[in-house]
Each structure stands twice: as structure tokens, then as C-alpha cells.
Amino acid sequence: MLCFPLPKAKKQEFLHQDAGKTWFNLTAFARLVRQPVAHDAALSTWYFGLRSDQNQTLSSLYAPDFTLPDINGKQHSLSDFHGKKVLLVTWASW
């Protein structure tokens, strides 16, 4: 996870007040982190592309090692399956 503090001098570029609500400018944020962005207003959808520092990892075709617990709490690392085919299934509630 990365954290990008917003420059205080550019607060108005990122935050906008409208009808008592505060809105965050995703396009300005994408420029700050040098990340391509596309917005489909009809579908209210935003897509953030890869930052330049992420492209090298994907072009190598090697997944970074990580460790996660199984349903019983036993820890498993991706490296435990070196040389074997692995199917990863993910889910997020958000």
C-alpha cells in the first residue's frame, strides 16, 4: 500500500465544496501520482492504469511472494508452490 500526502499549497486542486459536500478530484490525484486515468461519466466508473513503477513487475511475469492464511488459519506462501501451477481466486466485499 502506498500513501500520497496531498500538497497543502494545492488543496483547492484536490478538494471542492458543493452543496455542503466535499468532493475529491480523482483526475488531479492521478496527475499527482503519475497514473493514467479514464472516467466514464455515464457509468460513474473510474479506471486507474498502472504507474510506471508497476510496469516493470508485470513485464517480468513473476508474481511477488506473499503469505496468506487458509480457512483454518495455516499460513501458505506463494513460494511454497514453486514449479506448480497455481489458481488464485480473490474476492472483496467492497
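The values are calculated or read from the model by the stated rules, or taken from the named source; none is laboratory data. Treat the numbers as computed from the prediction; the structure is a model and nothing was measured. Cβ placement follows ideal geometry from the backbone for every residue including glycine, while neighbour counts extend to all protein chains displayed.
Details
- Filtering the range 26-45 to residues that are more than 20 Å from Leu6 (Cα to Cα) and surrounded by 10 or more Cβ atoms within 10 Å (Cβ to Cβ) leaves Ala38, His39.
- Of all residues in the range 46-67 being over 15 Å from the mean Cα position of the chain (by Cα) and modelled with pLDDT under 90, the one that is surrounded by the most Cβ atoms within 10 Å (Cβ to Cβ): Ala63
- Every pair of residues 6+ apart whose Cβ atoms lie under 8 Å, when the first sits in the range 1-25 and is farther than 21 Å from Phe48 by Cβ and surrounded by fewer than 11 Cβ atoms within 10 Å (Cβ to Cβ) while the second is modelled with pLDDT of 85 or more and not polar (S, T, N, Q): Gln17/Trp23
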